[in-house]
Amino acid sequence: MEASELYKSYETDFLLAQSEIEQKLESISTLERDARTSAVKAVERTIGEAYEILDQLSVEIQNIPSSSRAPLSANLRQYRQSIQSAKKQLANVEQAGARNELFGDRSAGGDGDIALDQRQQLLSGQESLDRSSQRIRDSQRLANETESIGANILTDLRGQREQIQNSRNTLLEADGYVDKSIRTLRSMTRRMAMNKVLTYLIIAVLVILILLVLASKFW
């Protein structure tokens, strides 16, 4: 069974976030102090979003049959490792920037750089908001599907309960019929025994009468 459409959607969101992180990390060291600070914050936000997406992927994997989980779980581990690596790289960039500032190796950024960074930050924030909104919609859809499945399960359980109750009533009726049959058989057995005794008595009387008739001929 292939990955679900929801899983693929989350995976696409993650790959976009991962690409955005890598691009910003490549250029962040060339920025001036203020622009670098804003870029670091933007990368931190994107890393946080990436972790949220990974959590969604982890949840979605649990809804996939166990026979198909192994490759997806392996991909998930690689994704986590890549984000952890990016997080460490970002920390190194921050430390390097702090060292440069400590030793005075810095220069004032131009207004153009600040304006460009603000624009990039706004665009990044909008993209982040769009992705978060999409994940919320996907989560809501998943919740609705889960609720629908739960309602169907409850309906099936009620139907099974009625079937069990009907089967129980049928068994009780059958048990009553068995009791009646046993009583009828016992009554028939007693009647057969009485009829057998009466038959023996009639035969005995007939034998006695025959003997009396024969005896009367000789007297």
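The table below gives the values:
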{"read-out": "Only one of 21, 64 that is of a type outside the set (Gly, Ala, Ser), under 21 Å from residue 135 (Cα atoms) and not in a helix (DSSP H, G or I)", "value": "64"}
{"read-out": "Extreme residue, modelled with the lowest pLDDT, among residues of segment 60-88 that are farther than 18 Å from residue 15 by Cβ and aliphatic (A, V, I, L, M)", "value": "64"}
{"read-out": "Pair list, Cβ < 7 Å and 6+ apart or interchain, from segment 72-88 residues that are more than 19 Å from residue 41 (Cβ to Cβ) to residues that are surrounded by 14 or more Cβ atoms within 10 Å (Cβ to Cβ) and not aliphatic (A, V, I, L, M)", "value": "76/58; 79/14; 82/18"}
{"read-out": "Test: residue in segment 91-110 that is buried (at least 19 other Cβ atoms within 10 Å of the Cβ) and modelled with pLDDT of 85 or more", "value": "no"}
{"read-out": "Tally of residues being crowded, with 18+ Cβ neighbours inside 10 Å, touching a Leu at 6+ places or on another chain (Cβ under 9 Å) and of a type in the set (Val, Ile, Thr) across segment 1-46", "value": "4"}
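Condition check ((1) under 35 Å from the mean Cα position of the chain (by Cα); (2) modelled with pLDDT of 80 or more; (3) part of a helix (DSSP H, G or I); (4) surrounded by 10 or more Cβ atoms within 10 Å (Cβ to Cβ)) across all residues:
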| site | (1), (2), (3), (4) |
| --- | --- |
| 133 | yes, no, yes, yes |
| 141 | yes, no, yes, yes |
| 147 | yes, no, yes, yes |
| 160 | yes, yes, yes, yes |
| 176 | no, yes, yes, yes |
| 186 | no, yes, yes, yes |
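The values are calculated or read from the model by the stated rules, or taken from the named source; none is laboratory data. Since the model is a prediction, treat every value here as computed from it, not as a measurement. Because the Cβ atoms are built from the backbone with ideal geometry, glycine has one as well, and the counts that use them run over all protein chains shown.
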